[in-house]
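For reference, the structure discussed in these notes is given below.
The values are calculated or read from the model by the stated rules, or taken from the named source; none is laboratory data. Just so it is clear, the structure is predicted and the values come from calculations on it, not from any experiment. Note that each Cβ is placed from the backbone with ideal geometry, even for glycine, and that neighbours are counted across all protein chains shown. What goes into the accessible areas is simple: the full protein's heavy atoms, side chains included, and nothing from ligands, DNA or RNA. Shrake-Rupley method; radii C 1.70, N 1.55, O 1.52, S 1.80 Å.
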Amino acid sequence: MPEYTASSRKHYRETNNGNQAGDPDKAITVIMQAVDADETALHLPLGPIAHAIAERKLAAFRSDIDAWRDVSIATDFDQP
């Protein structure tokens, strides 16, 4: 559909290629550290933007869990 040919994400990919803020050599170093670590990271946001996104997601998740804690944990069968 022609309405979807020019998306902002597509435009970003096409115009940002090679202009990313991250240093690939630094990223490789961190990834290799994680791979070689005794306790490797399951999640590893690289760069300040990815880290900020992850922090916002975690804060929203924590807020939801806290707000619904009492209701959501009250789902077991009643004890006789």
Are there GluC sites (Glu not before Pro) in the chain that DSSP marks as loop and that have at most 16 other Cβ atoms within 10 Å, and which are they?
E39
Given the DSSP H assignment, sum -39500 (n - 2.57) over each helix run of at least 4 residues in the chain and divide by its residue total; what's the result at 222 nm in deg cm²/dmol, nearest 500?
-19500 deg cm²/dmol
In the range 37-80, which residues have a backbone nitrogen under 16 Å from the label point lying 7 Å from Y12's Cα in the Cα-to-Cβ direction?
46-57
For the range 62-67, take each phi angle, set θ = phi - 60°, evaluate the Karplus expression 6.51 cos²θ - 1.76 cosθ + 1.60, and give the result in whole Hz per residue in order, putting x for glycine and proline.
4, 4, 4, 4, 5, 5
Residue by residue, what Karplus-based ³J(HN,Hα) values in Hz, rounded to whole numbers, does the range 9-20 have, using 6.51, -1.76 and 1.60 with θ = phi - 60° and x for Gly and Pro?
5, 4, 4, 4, 4, 6, 9, 9, 4, x, 10, 5
Extension gain from Q20 to A41, taking 0.36 nm per residue of separation minus the Cα-Cα distance:
5.2 nm
Considering only protein heavy atoms and a probe of 1.4 Å, how much of the accessible area of the chain is carbon and sulfur, as a whole percent?
58
Provide the descending list of Cα extents for the chain along its principal axes, expressed in whole angstroms.
65, 47, 19
Excluding ligands, DNA and RNA, what is the solvent-accessible area per residue of the chain at a probe of 1.4 Å, expressed in Å²?
99
